[in-house]
Every structure is written in C-alpha cells, then in structure tokens.
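Let me begin by presenting the structure, written as structure tokens, before commenting on it.
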C-alpha cells in the first residue's frame, strides 16, 4: 500500500514538472516567432509575453513546493498510522509549555515621531526544554495604562487571527519569535506613564491557553509644531509683560513731569503776587 502511494506521489510531481517544462518551451517558441504575437485577438509585445511567462513559472514553482510539502506531510501521517502509538524509550515529543516576551518588547516610536506611537511584542513559544517551538493558534494583545491617579484602563486590545499569527513568525539575527504590533491611541495625554503589556495565545491543536505580561513605560510628547506654538505663546506673554512695564514706567514719568510743571506754575504765580504787592506799596 505504501509503495503504491509513493508511486502515485512521484507521478504527481513528474506531471507537475512536465507542465513547467512545456511552459518554458512555449516561452522559447514565442521569443523565436518575432517581435509581437497575436493572443486573444490582440497583439502583445514579446517583453510582455516573457514577463507573463516568468510570472507563470514563479507560480508553478510555488505550487510545486507546496505539493512536495503536502506529499511529505501525507507520508509522515501514513508512517504514524502504520507504526502505531508505541512510544520510543527515552524520546519526549516537544510540547508547548509556556510563552514569554523577548527583550525589546514594549513601546516604540515611528520614524520622525517625538513620542511613542506603537507597542511591539516579541513572543517566544517554548517547549518543555526551553526551546523555540512553532505553533498554530489565535492570540490577543492588550495594553493597560496605569496612571498616577485614577483607575487603570485598557488602551489597546488587538485580536490576532490564525493567519496573522502564522505570518508574524520571524527568524533572523535578533532571534526567533512571533512579532505582534499595535498602535497606541492618538488621543493619549502627554507625559510618561506606567503600563502593562499582556499577550494571550490559544493553541490550535490542543485548545490550551497561555499568557504572559510585562511592565512597560509609555512616553508621550507633543509634536515639534506644538512645542513651537507653546514657545511662541510664552514669548508673546513675555513681550506683553515687558510692554506693560514700559507703559507703567512711562506713566510714572508723565505724572512726575506734570507735578514739576504744576510746581513751577505755582512758584511763578507766587512771584507775580509778590511783585503786585510791592508796586502797591
């Protein structure tokens, strides 16, 4: 039975590769036939036909890889059925045991932004030996803000479906993890706040639920334009205060000048009266 299935799988791969070879021959024939071809009642340039055929070749290659993966998966399942469930002494199959948040998880800012605009979680799924174990499932990402006064409140709650979880898998020089991102609300007040980042995963094949959390700092600052406006307003207030002080000083000077002028007039009047009295005598 196994040999028959294997032969069938090999025939499927051979047929798939034969189709790709035919497409390549058709592409070569089109190139040799001239500068343009007539397809579907219209003319197409050779470069367009070549581009379309290259795209077809790419799709055929991807389908071929998917087919080989499915065939390998089917072989593995048949082997499991034929071998039964007798355990191998000393062998322990990997089992998801916990999830944790890797370093650099927390709030971040976009390029050019002054304050934090996003929260990123680098989720590591580990087996019973602490090794990274790829898993399928759905998740939730939450951020709770803890203000200095008042009750804690949730500011982010993002649900990750099975496709999004699968496509968030990353393996590079920073490590292997699932990268989850969520935007912070734009109407958050300015300042620095304490918060909690929490991620929950429900495993697809077992239904088991795992969760982890991490304390984070969230820093919100006004945009440069807002800072400029505040500086301009402060400068305007300062100018008004200086202007008021100058006006007050000028008013005091005017009062002093009026008083001196009044005194001079009074002295002059007194001298006049003395002259009149002397003349009468």
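If R0 is 22 Å, the Cβ-Cβ spacing of residue 219 and residue 181 corresponds to a FRET efficiency of close to 0.80. As a rough footprinting exposure proxy, the listed residues 105, 186, 97 were ranked by other beta carbons within 10 Å of their own, and the order from fewest upward is 186, 97, 105. Cβ-to-Cβ counts within 10 Å put 104, 122 in ascending order as 104, 122, the fewest first.
No lab work stands behind these numbers, since they all come straight from the coordinates. This is a predicted model, so every value here is computed, not measured. Quick reminder, even Gly has a Cβ in these numbers, built from the backbone with ideal geometry, and neighbours come from all protein chains shown.
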